[in-house]
Amino acid sequence: MVKQLATEVVVIGGGIMGASTALFLRRRGIQVVVLERDLCGSRSSGVNFGGVRRQGRSLAMLPLSQRAHQHWGRLTELIGTEAEYERSGHFKIARSQADMESLVRYAEKTRDCGLDLQLLDGAALHKRFPVGGAKVVGGSFCPDDGQANPRLLSPAFATAAARAGAHVFEHTPVLEVAHNGQRFVVRTPEMEIRANVVVNAAGAWAGQFAEQCGEPVPMRIRPPAMGVTEPLPFFLRWSLGVEGGSIYCRQVRRGNVVFGGGPGLVLDDTRARNRHTTVWAQLPQLVELLPQLKNAQLIRTWSGNEGALPDHEPIISASSRQAGLYHAFGFAGGGFQLGPGVGDVMAELIAEGRSSTPIDAFRIDRFTDPACST
């Protein structure tokens, strides 16, 4: 027999976006049910790099990133754990003069955004950050960016939401979302839930729900290519990226170096893995930047299904077609740091009908309404 439930809000997706939305809704006293098809935080929220960076984000994204940054500074108060979070600093390397000029332009554009970027070149660079040898011509350092363990932190948001009174159901796929003219009806194999509000935070599968509601978006699956080495003597105290992409890495306190860059391989609707060709392309780049890895053993590679949009910006907005429907998805490659900020914004949007942080650039109707793209 199908169980009947009623609540104020149903959140579809128990990753860091959905779980943090539920947590901030409960902090406002709003009833919420979270439905997760697998385990909370086990998909893209749990398989990402673990970088907690603001540096390199678009100007439109920085206010939201700054809002999230404030919550990262009080993680223990918010979710009861720090999940290996530390403000280790994030260093972006330039391997050519053109890349260095790009970093300089970015620093100028974001001068008033609170990043406190420090530009370094020549001897000053190699004295402070001895990486990459002569091929590194400069870099940009963001001292308060950092890193955390996504496998610990992402599920912790769901646990904190449940502790705050959210009803969290794992292994509960959503079969249908409908509206009966008065309320939403969300059907799962074992439940039928009536709610005034639905939040679509279903990650790589969120496009399917958006399309059901008449809001198709050009989202594609973009699997990351991740790997980790054996534990090594600690030498890399900051998270490291390269201007123009291609490779990024960080070393955890137990000594393992986590790295990524390049495409993984989609296996089907629910699975992805790393490509051996991508791994072989990653390894020489890593050794070139960090000679300490020359003889290191690679112990694991992985990937996951992440949803990406063509303009590289997510969707964070109310539906343009259905009152009471909200979307938060499309964060491939950059959602981990934003998670607490997105949850706070979504709760504010639902409770007050507005966001005090500008999110206009992330409206879903930029894809569904031609007038929004002009």
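Entry remark, region 37-51: residues being of a type in the set (A, V, I, L, M) and part of a helix (DSSP H, G or I) number 1 in total. Among the residues making up region 170-212, none is in a strand (DSSP E or B), loosely packed, with under 14 Cβ neighbours inside 10 Å and in contact (Cβ under 8 Å) with a residue 40 or more places away in the chain. The residues on offer are SER102, SER58, SER44, and the sole one that is modelled with pLDDT under 95, of a type in the set (S, T, N, Q) and either under 22 Å from PHE157 (Cβ atoms) or over 14 Å from the mean Cα position of the chain (by Cα) (or both) is SER44. For beta carbons closer than 7 Å, sequence separation of 6+ or different chains, a first residue in region 27-42 that is within 30 Å of ALA272 (Cα to Cα) and a second that is among the hydroxyl-bearing types (Ser, Thr, Tyr) and outside any strand (DSSP E or B), the qualifying pairs are LEU35/THR172; LEU35/THR188; GLU36/THR172; ARG37/THR172; GLY41/SER154. Buried (at least 19 other Cβ atoms within 10 Å of the Cβ), of a type in the set (Lys, Arg), assigned to a loop (DSSP other than H, G, I, E, B) and touching a residue at least 12 places away in the same chain (Cβ under 8 Å), is that true of ARG54? Spelling it out, ARG54 is indeed buried (at least 19 other Cβ atoms within 10 Å of the Cβ), of a type in the set (Lys, Arg), assigned to a loop (DSSP other than H, G, I, E, B) and touching a residue at least 12 places away in the same chain (Cβ under 8 Å).
Is it fair to say ALA332 is among the hydrophobic types (A, V, I, L, M, F, W, C), open to solvent by 10 Å² or more (accessible area, probe 1.4 Å) and either out of contact with any Leu (no Cβ under 7 Å at 6 or more places or on another chain) or modelled with pLDDT of 95 or more (or both)? When the stated conditions are applied, ALA332 passes them. Tell me, which residue of region 139-161 that is assigned to a strand (DSSP E or B) and either in contact with a Leu (Cβ under 6 Å, 6 or more places away or on another chain) or open to solvent by less than 10 Å² (accessible area, probe 1.4 Å) (or both) is farthest from GLY335 (Cα to Cα)? Filtering first and then ranking leaves GLY139. Could you tell me which residue of region 351-367 is modelled with the lowest pLDDT, considering only residues that are part of a helix (DSSP H, G or I) and open to solvent by 30 Å² or more (accessible area, probe 1.4 Å)? The residue in question is PHE367. Taking every residue in region 225-237 that is in contact (Cβ under 8 Å) with a residue 12 or more places away in the chain and pairing it with any residue that is open to solvent by 50 Å² or more (accessible area, probe 1.4 Å) and part of a loop (DSSP other than H, G, I, E, B), at least 6 positions away or on another chain, the pairs with Cβ-Cβ distances below 8 Å are ALA225/ARG275; THR229/GLN297; GLU230/GLN297; PRO231/ARG254; PHE234/ARG253. Looking across region 102-120, the residues that are more than 9 Å from GLY138 (Cβ to Cβ) and of a type outside the set (Gly, Ala, Ser) come down to ARG105, TYR106, GLU108, LYS109, THR110, ARG111, ASP112, CYS113, LEU115, ASP116, LEU117, GLN118. Residues in region 84-97 that are modelled with pLDDT under 95 and out of contact with any strand residue (DSSP E or B) (no Cβ under 6 Å at 6 or more places or on another chain) were compared, and the one that is nearest to ARG250 (Cα to Cα) is ARG95.
The residues on offer are VAL242, VAL217, VAL252, and the sole one that is open to solvent by less than 30 Å² (accessible area, probe 1.4 Å) and under 15 Å from ASN48 (Cβ atoms) is VAL252. Within region 1-27, being assigned to a helix (DSSP H, G or I), within 12 Å of ALA166 (Cα to Cα) and not aromatic (Phe, Trp, Tyr) holds for GLY18, ALA19, SER20, THR21, ALA22, LEU23, LEU25, ARG26, ARG27. For region 255-301, filtered to residues that are touching a helix residue (DSSP H, G or I) at 6+ places or on another chain (Cβ under 6 Å) and assigned to a helix (DSSP H, G or I), the residue that is surrounded by the most Cβ atoms within 10 Å (Cβ to Cβ) is LEU286.
The values are calculated or read from the model by the stated rules, or taken from the named source; none is laboratory data. On a predicted model such as this, the values are computed, not experimentally measured, just so you know. Neighbour counts are summed over all protein chains in view; Cβ atoms, including those assigned to glycine, are modelled from backbone coordinates with ideal geometry. Ligands, DNA and RNA are stripped out before the accessible areas are found, and what is left, the full protein with its side chains, is counted by its heavy atoms. Shrake-Rupley method; radii C 1.70, N 1.55, O 1.52, S 1.80 Å.
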